[in-house]
Each structure stands twice: as C-alpha cells, then as structure tokens.
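The values are calculated or read from the model by the stated rules, or taken from the named source; none is laboratory data. Nothing here was measured: the structure is a model prediction, and the numbers come from that model. Quick reminder, even Gly has a Cβ in these numbers, built from the backbone with ideal geometry, and neighbours come from all protein chains shown. Ligands, DNA and RNA are stripped out before the accessible areas are found, and what is left, the full protein with its side chains, is counted by its heavy atoms. Shrake-Rupley method; radii C 1.70, N 1.55, O 1.52, S 1.80 Å.
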Amino acid sequence: MKVLVATEKPFSTKAVDGIRRAIEDAGHTFALLEKYTDSAQLRQAAADAEALIVRSDIVDKSLFDAAPKLKIVVRAGAGYDNIDLQAATEAGVVVENTPGQNSNAVAELVIGMAIMAARNKYSGTTGFEISGKRLGLQAFGQVSRHVAAIAKGFGMEISTIDPYCPAEAMTAAGVHPASSLEALYESNDIVSIHIPATPQTVGSIGRDLISRMPKGAILINTARKEVVNESELAEVLEMRPDLKYFADVKPGNAAELSERFADRVFFTPKKSGAQTAEANLNAGIAAANQIVAFFRDGTDRFRVN
Ligand code: 3PG
C-alpha cells in the first residue's frame, strides 16, 4: 500500500524518519509531500495513494475524487475540522485522528502565552505573576487537562466548563466546575479556549462573553480562530483597553488588530502549538501505527466518521 505523508507544515526530520520506518517495516511504500503551495500538488501526489497522513491540510471532496484508491486518512493531531467527513464517508474512506499525542506541546504554549501576556510582551513595563490567579478553561479535553496540571504547579486556581465531561472528573483533577460559560468568563483572570470548530461553536465567542471578563483579563486561543467572532472581538478590545487577546490561531483581522491594539494582542506567525519535536514524533508515529494496524486487521479505534 502507498502511504503518503502530506504536510504543508512539515514534521521534524526525526519524525518523518520514524514514520517512514514504521510504514516500510510493515511492508508498505512511503511517499512524502512537504511545504506544498497548491492543493493541485496534493491531489497529484495522492492520486495513487491508499493512505494519507496530514496535519491541518485541507482534505475535501476534490481530493477524494482525485485519489480513488484512498482507504484511510489519519489527521496527525487532534482537530479534524480540515477534513470533509461527509465526503470521506461518501468516498468510503475512514478518517482517524491521534488524540492526545500533541496535547502537552499545545498546553505548554498556553502557559507561555499566559506569562507573555501577563508580562506585557516582555516590554519592561510592570506586569503580573500568574501564581494565585484564576484560570478558566473552556472545555476540558486533553489539552486542557495538561494546561491544568501545569497551571497547578504555578499555584493557579483553575475552573472549567465542558458539557461532555462529568463534574467528578473535573474535581478529581483538582479543577472547579464552573456554573455556566458566562460565569467562566466573568470570574477568571485568564481564559483559555479549547473547543473544536463545529457548526455549533463557530463565532460563538464574541461580545457577550468577552466583555464579561474582569479588569485586566487575558483571553488565549490555541484552538481554532473560527470559534471567535473577530469583528466583535475588535469591538470589545476597543471598548475595554484593559483586555488582551493572545492567539496561536491568527484571526482573519490580525493585521487590523495588531495595528489598533499593538500592546494587547499577539499572534504566532504560523500555528505553533503542536510544533515541537516531541509532538511531531508522537503524533506522526501514532498516525503511521494506526495506518499499519488498519491495513493489518481493520483496526479503527480512532475513527471519527
Ligand atoms: C491539532 O488540532 O492537533 C492542533 O491544532 C495542531 O495542528 P497542526 O498539526 O496543524 O500544527
């Protein structure tokens, strides 16, 4: 079977070598497409592939049409909003993700951003310490749980809200269940967003929630840019000169926000949460092993469609 690794944002060399080894040791053929600039290159490379490993790369109907032999796509990472699941199912293609494999990397970036914001982007002006401050986690999945574990070491007081997580699991992790989403935004010095982009969540964080944040609060987004209503965010930042927005998922209006609120916003030049040697290796090898297992005996434990 031909397994194509197609990553516009490449994995580390060590991760690529590990993926290649796992694929070839199982008797499959390995192919690599990195830093491509046009979706036509992806369609061409995938034309005779039976399996595909991607990151945030767009996998849509046109790709399935161009790759008739494709049987499985593994998103080496958590969020799979870049993959058209309906088109995959219609094409008879299994889609999987690799949950948890890059979570610690993203969590470390959240804490890094919290400190960077609290210290006014290291400008030399007086900032604050995150120790003893209140941290609200919107959703309590794998990244959030890592953030909570690290934040506890800083002596932060942590709360969360997640309709899919029982309150007992939160308290067992030393995290207070928030009574409502509004309460989470109202009662935390730092709020970190960890919801996926779905039709229900897109644009759901806007004026109402952000303007509830207490004086001097910081909103951190390492999830997906689409979940924030960007024009309402700009409005609230204008109305509230005390608030900050730091994101690893650059908003569509990043240039405008940076120009208007230079000291209070920060965006990574390219999504960097999962861009560590460790996360590349964990997610990449997990993806390769999942494909090997799928072709071996149909194992599809991490199937999402
Ligand atoms: C994920 O959903 O796993 C993260 O957003 C990482 O995405 P990336 O692999 O494109 O860096």
> Among A254, A151, A78, whose mean-square fluctuation peaks in a Gaussian network model of the chain (Cα, cutoff 10 Å)?
Replying inline: A254
>> Using amide H atoms built in the peptide plane, which far-off residues or other-chain residues are under 5 Å from T160 H to H?
In response: L137, H176, A178
>> Can you show me the helix-derived [θ] at 222 nm for the chain, built from DSSP H runs with n ≥ 4 at -39,500 (n - 2.57) apiece and divided by the number of residues, rounded to the nearest 500.
In response: -11000 deg cm²/dmol
>> Quick check: net charge around A223, other residues with Cβ under 12 Å of its Cβ, Lys/Arg +1 and Asp/Glu -1?
In response: 0
> Under 25 Å Cα-Cα from K270, which lysines qualify once same-chain neighbours fewer than 8 residues away are excluded?
Replying inline: K9, K14, K35, K121, K225, K244, K250
>> On C-alpha positions alone, give me the angle between the axis of helix 230-239 and the longest principal axis of the chain, in degrees, nearest 10.
In response: 20
> Across 5 Å bins from 0, what is the distribution of all Cα-Cα pair distances for the stretch 5-124, in whole percents?
Replying inline: 2, 10, 18, 21, 17, 12, 7, 5, 4, 3, 1, 0
> So what's the net charge close to A287: Lys and Arg +1, Asp and Glu -1, counting the other residues with Cβ under 11 Å from its Cβ?
Replying inline: +1
> Could you give the angle, 0 to 90 degrees to the nearest 10, between helix 142-153's Cα long axis and the longest principal axis of the Cα atoms of the chain?
Replying inline: 40
>> Quick one: 3J(HN,Hα) in Hz for the stretch 47-54, Karplus 6.51/-1.76/1.60 with θ = phi - 60°, rounded, Gly and Pro as x.
In response: 3, 10, 8, 9, 9, 9, 10, 9
> How much of the accessible area of the stretch 65-139, in percent, comes from carbon and sulfur atoms when a 1.4 Å probe is used?
Replying inline: 48
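Would you mind working out the magnitude of the charge dipole of the chain relative to its Cα centre, with +1 at each Lys and Arg C-beta and -1 at each Asp and Glu C-beta, to the nearest 20 Debye?
540
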> Relative to the longest principal axis of the chain, what angle (0 to 90°, nearest 10) does the C-alpha long axis of helix 13-25 take?
Replying inline: 40
> Comparing Y80, Y185, Y164, which has the greatest mean-square fluctuation in the GNM of the chain with Cα pairs linked when under 10 Å apart?
Replying inline: Y164
>> Counting only other residues whose beta carbon sits under 11 Å from that of E232, what net charge do I get with K and R as +1, D and E as -1?
In response: -3
>> On the principal axes of its Cα set, how long, how wide and how thick is the stretch 39-82? Give whole Å, largest value first.
In response: 26, 18, 15
> If you average 1/r over all unlike Cα pairs in the stretch 142-211 and invert the result, what Kirkwood radius do you get in angstrom?
Replying inline: 13.0
> Can you give the charge dipole size of the stretch 186-270 about its Cα centre, rounded to the nearest 20 debye, using +1 on the beta carbon of Lys and Arg and -1 on the beta carbon of Asp and Glu?
Replying inline: 180
> For labels at M239 and A66 in the simple 7 Å Cα→Cβ model, what's the distance in nm?
Replying inline: 4.5
>> So for each of 287-296, 57-66 I average, over its residues, the number of other beta carbons within 10 Å; can you give me the resulting order with the highest mean first?
In response: 287-296, 57-66
>> Stokes-Einstein diffusion coefficient for the chain at 25 °C in a medium of 0.890 mPa s, Rh from the Kirkwood formula over Cα pairs: what value in µm²/s?
In response: 121
